[in-house]
């Protein structure tokens, strides 16, 4: 690890989180929005929420502030009612739902955004492609600590003709409670029986190997500063940091990267939200042409709100806009508009919110 690596990571992480708060403050003073809504949580969805702040102020007259502290922090914040909404890429567990009941008022979780988790890496070498190919089995082997060099025979076998350097793999993962970790480990649990039985799925797991970094920005910054590093984050963090990211093999046998088209293909999965609003679209099946181009580590992300709140009208207006007109603001940062059946479900959830 470079001597200045930690300094670089802290600087980038601070900049990524602070950007949302600064934008919100600027809008508040310039537009004098007449209602304030505060949120906290997912760093995965933070780029999209940041893109929403100005139009929300201009079109809805709502001053929205958002603190990207990670999904775990967002869940804790809405449970404690220190914010008006939480945001998480992992659905609430039964115990988290129970912890969100305050004064008899329950919480609702609403899928409001859709994107992909990119497998980001930093590997110096000549003639390397922009997107190395990886399979789920290989990725699980890396995060289990069984594949420790980039020129491992399993990686070389699926990247024929590529001269891969004999560089140690530096595994990077989230250190905080993270919905991105949930999506990543949910995928690994689908593709690796060993991972499922030994580590499992969660916002925080007992990692077999690697170093932890806080927030998606921290993981991205660690990968930027470390040759041989591999990590995971919303694809926008890869684009902003000019990182390479892997082409992952889906169950149809194709190697695909997260794009608007491939994430949308994953959303074709005929999965309706459960009663609690949760759903998983990782590792879609090999069935006809429906999922042939699907990116296998795609995910919905959720907003969590009290069912009864003094700000019911503003929250309903904000979320209603976010799941419809607001979806257009995500395309440039590879957030895919949510599908109509999810919008319909969400509108049913919104109808349950009252003063």
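No value in this document is a laboratory result; all are computed from the given coordinates. What you see is a predicted model, and the numbers here were worked out from it, not measured in a lab. For neighbour counting, all protein chains shown are included, and Cβ atoms are generated from backbone atoms with ideal geometry for every residue, glycine included.
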Worksheet entry | the stretch 117-266, relative contact order in percent, only Cα pairs under 8 angstrom and at least six apart counted | 37 percent
Response to the item:
Final fewest-first order of 234, 89, 84 on the 10 Å Cβ neighbour count is 84, 89, 234
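Using the beta-carbon distance between residue 278 and residue 310 and R0 = 22 Å, what value does 1/(1 + (r/R0)^6) give for FRET efficiency, to the nearest 0.05? Mind showing how you got there, number by number?
Details: r = 27 Å, r/R0 = 1.22.
Computed FRET efficiency for residue 278 and residue 310 comes out at 0.25.
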Worksheet, complete the sentence: The correct pair for the chain, radius of gyration to one decimal and Dmax as a whole number, both in Å and from Cα atoms, is 19.9, 63
Fill in: On Cα atoms only, tilt of 312-322 relative to the major axis of the chain in degrees
40 degrees
Response to the item:
Final fewest-first order of 255, 237 on the 10 Å Cβ neighbour count is 255, 237
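Could you give the length gained on full extension between residue 268 and residue 124, defined as 0.36 nm per residue of separation minus the Cα-Cα distance, in nm?
Values: separation 144, 0.36 × 144 = 51.84 nm, distance 3.65 nm.
Result: 48.2 nm gained on full extension.
Once Rh for the stretch 201-295 is found with the Kirkwood sum over Cα pairs, what is the Stokes-Einstein diffusion coefficient at 10 °C and 1.306 mPa s, in µm²/s? Walk me through the numbers on the way to the answer.
Values: Rh = 15.3 Å.
Estimated via Stokes-Einstein, D reaches 104 µm²/s.
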Worksheet entry | Acute angle (nearest 10 degrees) that the helix 46-55 long axis makes with the longest principal axis of the chain, alpha-carbon atoms | 40 degrees
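Explain nothing, just the number: relative contact order of the chain, from Cα pairs under 8 Å at least 6 residues apart, as a whole percent. Mind showing how you got there, number by number?
On the way: 793 pairs, mean separation 82.7, N = 355.
Reported as a whole number, the value is 23 percent.
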Discussion item. To test your reading of the geometry: what angle, between 0 and 90 degrees and rounded to tens, separates the Cα axis of helix 5-31 from the longest principal axis of the chain?
Written reply: 30 degrees
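Remind me, relative contact order of the stretch 53-118 in percent, using alpha carbon pairs under 8 angstrom and six or more residues apart?
On the way: 42 pairs, mean separation 12.8, N = 66.
Relative contact order of the stretch 53-118: 19 percent.
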Worksheet item: Can you sort 332, 267, 252 so the residue with the fewest Cβ neighbours within 10 Å comes first?
Response: 332, 252, 267
